[in-house]
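All remarks here apply to the structure that follows.
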Amino acid sequence: MVLTALLLSGSPAHAWNLAGWAWDSNEFPVPWYLADYVTPELSAEYEEEVTRLGASIWAEQAPCAGTSDLYMGIREGHWASGPSSSDLVNTVYFDDPTARNDESALGVTYTSFGGAYFPIEEPDGDIAYIFEAYDSDIVFSDWAQWATTEDIAAGNCNNEYSIEGVATHEFGHFWGMAHSCEREDVESGRCTELAWYEATMFWTGAACDLTQANLAEDDIQGITALYGPYASFSTDSETSGGVPLEVCFDLETKTGDYEGLEVEWSFGDGATSTEFAPCHTYETQGQFTVYVTITGTDPSCGSYSFDQREPAFVTVCEPPHPGEGFSGTFTYEYVEGTTYQMINQADLSVYGCIDQVAWDVFKDGQKVQSISAWSPKIDFGEEGTYEVVLNLGGPGGISAESLTIDVGTDGVGGCSAVPGAAAGLFGLLAGLGAAVRRRHQP
């Protein structure tokens, strides 16, 4: 069981989040009952009216989500037993009959879920795995003093809380919404947008305030993402590789078909497409953000549009090569004694195009050292002529380059003729191919 609560105190939110459960839309409307107890501040008629409004306002103000509830009436003789996940009857309770709520909570939604699940991408790019809800009970706390919407609007409120606002918030949890922002998000400064503070699903409510009695755009976007029509894309192709790289995209919809949809792709390199499942070949090195816009119509809410943007979704690489302005992938500088600093000059303009680095040191055709580092210091240990090989690998392929270094008795590096044989030159990146040898002028 997982519970979510509307707590006291505070300030605002962190773009819509999902609680981790949802009702099976194939079984709408979702039934629920009201326990047979009337809180002293409210009449039985108003208690029923406000809880019914809290459930249905999500369908009325977010029609694209398509949620649907069915009020089943009063559960006679049931109040004292309190919420139970095992009775499989969704029930709303006033005055917390079994004292389960946190003392600072105005209301708590207790939801049980499990079974099948499906993934949904949240605004921060994280994937939320949504399970099927099978029991959800809402409990209003017994310490809170409630005011009607009419009294608050007329200014007749003395540190009381909007029962309508709390009902709307708790039914947001009932439907599967989490807080737009938690308390720690506010305290850490991560809640930066006014709209998140104004959301019904903000973590806290203020006395004599009607803000949470109506859905904000943040709430509408979240519930629509959870239940409404949607489309997204994926690919079974490799999204990282060498030039040229072909990537084939698949458009995924909630209904599983493309009827009534239009799509426009932007592949990040200037190319576009209006096909539903296009293949695109990238001809240049780079990291490319893929963007797709899907538009359609729905009988319940008319036209809608979804955008999905995947930053750096495709990485296309050439074989490792020198960076701009350099004639080789590495050089070196004398440090002291028999120690030299290797300076890696490989091109790093595209992140991820080099993911393997190995330095091999040879003397008289025999490997004497192997180092995995970007720009290591190498202590040759004794004077002599050495061949240093920089091996680089990445999605675009592999390359190797060597320099011959004369380690002299005076500790100053010199250069010598490049040996003609390349056999056995590479260690860690075996099979890199023929080396590119060059002379270095110290």
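The values are calculated or read from the model by the stated rules, or taken from the named source; none is laboratory data. Bear in mind that the values here come from a model prediction, so they are computed numbers and not experimental data. Positions of Cβ are generated from backbone atoms using ideal geometry, with glycine treated the same way; all protein chains shown enter the neighbour counts.
Kindly evaluate HIS173 against the criterion of being under 24 Å from the mean Cα position of the chain (by Cα), not basic (Lys, Arg) and not in a helix (DSSP H, G or I). For HIS173, the condition - under 24 Å from the mean Cα position of the chain (by Cα), not basic (Lys, Arg) and not in a helix (DSSP H, G or I) - is not met. Within the bounds of segment 338-346, is there any residue that is assigned to a strand (DSSP E or B) and closer than 30 Å to ILE223 by Cα? The answer is no; no qualifying residue exists.
Yes or no: ALA13 surrounded by 15 or more Cβ atoms within 10 Å (Cβ to Cβ), closer than 25 Å to PRO119 by Cβ and at pLDDT 90 or above? Spelling it out, it is not the case that ALA13 is surrounded by 15 or more Cβ atoms within 10 Å (Cβ to Cβ), closer than 25 Å to PRO119 by Cβ and at pLDDT 90 or above.
Yes/no matrix, rows are residues, columns are (1) under 30 Å from GLU259 (Cα atoms); (2) touching a residue at least 60 places away in the same chain (Cβ under 8 Å); (3) not β-branched (Val, Ile, Thr):
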site: HIS321; (1), (2), (3): no, yes, yes
site: ASP355; (1), (2), (3): no, no, yes
site: ASP360; (1), (2), (3): no, yes, yes
site: SER375; (1), (2), (3): no, no, yes
site: LEU403; (1), (2), (3): no, yes, yes
site: VAL407; (1), (2), (3): no, yes, no
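Kindly indicate whether any position in segment 324-335 is free of Cβ contacts under 8 Å to residues at least 40 places away in the same chain and surrounded by 14 or more Cβ atoms within 10 Å (Cβ to Cβ). Yes, segment 324-335 has at least one match. On inspection, THR315 qualifies as touching a Gly at 6+ places or on another chain (Cβ under 8 Å), among the hydroxyl-bearing types (Ser, Thr, Tyr) and crowded, with 19+ Cβ neighbours inside 10 Å. Among the strands (runs of 3 or more DSSP E) confined to segment 87-169, the ones with at least 2 residues that are loosely packed, with under 13 Cβ neighbours inside 10 Å are located at 105-121, 127-140. Among the residues of segment 196-243, those that are polar (S, T, N, Q) and modelled with pLDDT of 90 or more comprise THR200, THR204, THR211, GLN212, ASN214, THR235, SER237, THR239, SER240.
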